[in-house]
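To keep things clear, I will list the structure first and then write my remarks on it.
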Amino acid sequence: MRLLVRYVLLVLMVFTSVIAGAQMSFFQADASVKVFAWGSEQTLAWCGGFNTPQFTTGDLNNDGLEDLVVFIPWLGVQTFINKGVAGSPDYRYAPEYALNFPPIYDYLILADYNCDGIPDLFHQGVNGFSVYKGFYNTRKQLCFTYYKDLYYSNDIFSGGPVNAFNNPGDIPVIVDVDHDGDLDFISYDIGGGNINFYKNMQVEMGLPCDSIHIALKDKCWGKVYQGYYRSHTLQYSCDNSGLLKSSGSGEKKTHSGNTPCLFDWDMDGDYDYLDGSVSFNQMTFLKNGRKEAGGGPDSMIYQDTTWQAGGTPINISIWPAAFNVDIDQDGKKDILVAPNGGSSSENYKCIWYYKNLSTPGVPNWVFQSDSFLIDKTIDLGTASYPALFDYNKDGKPDLFVGSDGYYQSSGVLQSRMSYYLNTSTPGNPSFTLQTNDFLGLSSYAFKGIAPAFGDIDNDGIADMLIGHSDGTISYFKNIAASDTIEPIWQLMQLALTDMNGSVINVGGNAAPFIYDIDKDGKKDLIIGGIYGYIQYYQNVSTVPGTISLKLINTKLGKAKADPTRSYGIYSAPFIGKTDSTGVDYLLLGSNSGNLYRYTGFQSGDTTATYTLLDANYDFIDSTYNLYNHSGTSYGLYGNLRSTVTVGDIAGDGGLEMITGNVRGGLELYKWKTYMPNHESVPIIETGKVQVFPNPANDVLNIKWSGISEPEVQLSILNMEGQVLYKSTVPSAWFSTSVALSKLSQGLYICLLQSGVNRYYSKFTVIR
């Protein structure tokens, strides 16, 4: 069994300083820039996209309405607040609620086990079922505290205690299977052929409602057996050792990789189910005959191997999973279906919605959409690359988004680029989609599209470069008459070459950016890539309109994203103004999701070593670090692949930041200032303070280095900037510890101030 858990350090709310004398400005999650496409507003435009989503619902803000929680294995939790009314939900992205979730592993289910009306949380944990009790904090936000992992002492089998088992990667079922008033647990066995029924004995044993006591009551629930084939074996006998006793036993081998979903298909009071398999793109429906038999054990009597026969059959690559949730809040649970197969799965038409219009005894599940919710987002499939550029020359930056591409049945991603016109008016910033296949780039069959805009051939008008997954770059020359009219881009070099005729190739996932890095008046080419460094090609052209690039440095400024890794880093550079100082900085996106901010290049010295200011700029990391169960980091990164662009979208003199990610979506942040005054802003940087364990529980250990002042002031802040703890200690101690018993579960900032300098590190408290 895997020993890793995933945790979202999804930091989309940043802290504000309450220490007097400091003006603090940060990029903060924002939804004020509206996006329109296909004649309607994309109300979830900036949620970051969806890949392999799982769905569950619960009241996140204690307002009586069911909100939506989406979990993506390896990438984390997305939270959506219901801004509608009963029967007419309006889900809006609210990432701050995701901060209250513990580390999640493989699956996420919200259900109330303790009868208090508050959603509790279940996930894979270490052994199969890990339970967290839900509660509301003082801000009426749903939070969780650890209850226990589920073990049983066999009631009908020998041995114990034994963990309730769920195959890693599978999605189990947590419902009141036997309708006795407490939650039970369903999962496939280790071979993937038989279904285990873990009965909750809370009611039978007269235990308090706030308890779970399970027994493995049936190792062949439903009298059904699933082998390698789409069809299941029905009505077979089993000796509850898990061994099939029919004559067909031994003819089939089983496999793990199952996603069962129990739901009352015909509203007759017993649970039917949809079964997803890692081997198929369809789901098999199995009808429960318990009602027809007048009671007794659950027993499947009918199957439809391509549900729905006669309707719109599920067909999702790869390994579909179904979720029984009341997504439209009409009092009847519907079915959402999504892939469970990782990065090789369908990445756009990946949320199928079947509305429940059934009445008792008359099943009626009506297909609504294969891209539910996605049609309200900016989502380009896999790995998005945003860039701001004033295409129509109206003085407002437009938005271009490339990507690695959309899933195709051939298995090869189809890369395209979307163009959103900046349609902002004073006080009403907005983008409107013009095309999702700009210049018909899909016809070139590019593998990966990472756009960059600028005058690379010295003729005074902006050209377009496109980086590709294989590390090469295509060059589109602007042949328009001037830079005051809309560009006319014409492909000149399918694979851009340098001054010696050699193809420019950074080894993989080229992310170009055009910028005069040497300050000689000509725009140069810098390129991020899979190794994490930046390659620098100097513009040495002497004839306007011709391109000539000379390789100067393969590790410009020694700047590197995710410095502890050597490969699979996906650095993506942006250079420009990122704050109110008017100074250009270098931002590097990365595989970890962190944004690395560098300075030291402004003089034009391309031999200098750049200075790292932030290893996690403004805490906008969306990083999904991997931890073992003791909370010790393995030093691994989640595959988030952040990219970044910054500009004044609203035309109000401020700045907005747009980040891309591996899910193919975008997130938006706006530069905001707190406690304005005329005093200087202290320097804030990382690297001189370490905290551990992280996540922490009772005690946080803090270490620092490189501080010459005699004292350090230590503060613990929450994500709203409130100082929860403060002390002053000698810097010569080099370390100290802080008790965390009074802190609730969530994300915090450890801030050290020494003289005019400040150093920070994030940490998480779990209970």
Review point. So which aspartates and glutamates can Lys550 reach, going by Cα to Cα under 20 Å and dropping same-chain residues fewer than 8 places off?
Key: Asp455, Asp457, Asp459, Asp463, Asp498, Asp516, Asp518, Asp520, Asp524, Asp605
Review point. Which of the residue pairs Lys34/Lys393; Lys217/Lys332; Lys34/Lys670; Lys148/Lys332 have a Cα-Cα distance greater than 23 Å in the structure shown?
Key: Lys217/Lys332; Lys148/Lys332
Revision key, fill the gap. By the rule of no other cysteine beta carbon under 4.7 Å, the lone cysteines of the chain are Cys47, Cys143, Cys261, Cys350, Cys750
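Across segment 277-423, how large is the tail of the calculated P(r) beyond 18 Å, expressed as a percent of all Cα pairs? Write down the numbers at each step before the final one.
Details: 7172 of 10731 pairs.
Above the 18 Å cut-off, segment 277-423 has 67 percent of its Cα pairs.
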Point to revise | Vicinal HN-Hα couplings computed from phi for segment 51-65 (Karplus, 6.51 cos²θ - 1.76 cosθ + 1.60; Hz; Gly/Pro x) | key: 9, 6, x, 10, 10, 8, 10, x, 7, 7, 10, 6, 10, x, 9
Review point. Based on the Cα coordinates of segment 401-459, what is the per residue volume of their convex hull in Å³?
Key: 123 Å³
Revision key, fill the gap. Diffusion coefficient in µm²/s returned for segment 437-530 by Stokes-Einstein, Kirkwood Rh over C-alpha pairs, 10 °C and 1.306 mPa s, is 117 µm²/s
Review point. Which trypsin sites (Lys or Arg not before Pro) in segment 349-439 pass both tests, a DSSP loop state and at most 15 other beta-carbon atoms within 10 Å?
Key: Lys393
Exercise for review: Read through the labelled values (1) 1.00; (2) 1.14; (3) 1.05 and report the label of the one computed as Rg/Rh (Cα atoms, Kirkwood Rh) from the structure.
Suggested key: (1)
Check your understanding: From the phi of every residue in segment 515-531, what ³J(HN,Hα) in whole Hz does the Karplus formula 6.51 cos²θ - 1.76 cosθ + 1.60 yield, where θ is phi - 60° and glycine or proline is x?
Key -> 6, 7, 6, 9, 6, 9, x, 10, 6, 9, 10, 10, 9, x, x, 5, 8
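Using 0.36 nm per residue, how much length does the chain from Thr607 to Tyr725 gain when fully extended, once their Cα-Cα distance is taken away? Mind dumping the intermediate values first?
Working: separation 118, 0.36 × 118 = 42.48 nm, distance 4.35 nm.
This chain segment gains 38.1 nm when fully extended.
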Check your understanding: Heavy-atom accessible area per residue, segment 263-329, 1.4 Å probe: how many Å²?
Key -> 34 Å²
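Ignoring the sites themselves, what is the longest stretch of the chain with no GluC sites (Glu not before Pro) in a DSSP loop and at most 16 other beta-carbon atoms within 10 Å?
Working: sites that count: Glu204, Glu251, Glu292, Glu679, Glu720.
Result, exposed sites excluded: 293-678.
Considering only DSSP states other than H, G, I, E and B, which trypsin sites (Lys or Arg not before Pro) in segment 138-209 qualify as loop sites with at most 14 other Cβ atoms within 10 Å? Please report the intermediate quantities before stating the final value.
Details: sites: Arg139, Lys140, Lys148, Lys199; in loops: Arg139, Lys140.
The qualifying sites are Arg139, Lys140.
Given Cβ point charges of +1 (Lys, Arg) and -1 (Asp, Glu) and nothing else, what value in debye, to the nearest 20, does the dipole of the chain about its Cα centre take?
Details: 51 positive and 77 negative charges, 317 e Å.
That gives a dipole near 1520 debye.
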Review point. Which percent of the accessible heavy-atom area of segment 55-145 goes to carbon and sulfur, probe 1.4 angstrom?
Key: 49 percent
Practice item. Obtain the nm distance between the two label points defined at Phe734 and Cys209 by a simple spin-label model: each point lies 7 Å from its Cα along the Cα-to-C-beta direction. Key: 5.5 nm
Review point. Each label point is 7 Å from the Cα along the Cα-to-Cβ direction; what then is the distance between the points at Asp90 and Gln490, in nm?
Key: 5.0 nm
Point to revise | aspartates and glutamates whose Cα lies under 17 Å from that of Lys83, excluding same-chain neighbours fewer than 8 positions away | key: Asp30, Glu41, Asp59, Asp63, Glu66, Asp67, Glu96, Asp326, Asp328, Asp330
Check your understanding: Going 7 Å from the Cα of Phe367 toward and past its Cβ, which residues in segment 279-317 have a backbone nitrogen under 14 Å from where you end up?
Key -> 282-283, 306-317
Review point. Computed on alpha carbon atoms, what radius of gyration and Dmax characterise segment 38-129, expressed in Å?
Key: 13.9, 48
**Study point:** DSSP-assigned coil residues among trypsin sites (Lys or Arg not before Pro) in segment 553-617, each with at most 14 further Cβ atoms within 10 Å
**Key:** Lys555
Check your understanding: On full extension of the chain, what length is gained from Asp520 through Lys672, given 0.36 nm per residue of separation minus the C-alpha to C-alpha distance?
Key -> 51.4 nm
Review point. Does segment 356-421 come out rounded, prolate or oblate, given a ≥ b ≥ c as the square roots of the eigenvalues of its C-alpha gyration tensor, rounded meaning a/c under 1.5 and, failing that, prolate meaning a/b above b/c?
Key: oblate
Point to revise | Inter-site label distance for Thr145 and Asp63 at 7 Å from Cα along Cβ, in nm | key: 2.7 nm
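The values are calculated or read from the model by the stated rules, or taken from the named source; none is laboratory data. Quantities reported herein were computed from a predicted structural model and do not represent experimental measurements. Because the Cβ atoms are built from the backbone with ideal geometry, glycine has one as well, and the counts that use them run over all protein chains shown. For the accessible areas, the whole protein counts, side chains as well, though only heavy atoms, and no ligand, DNA or RNA atoms are used. Shrake-Rupley method; radii C 1.70, N 1.55, O 1.52, S 1.80 Å.
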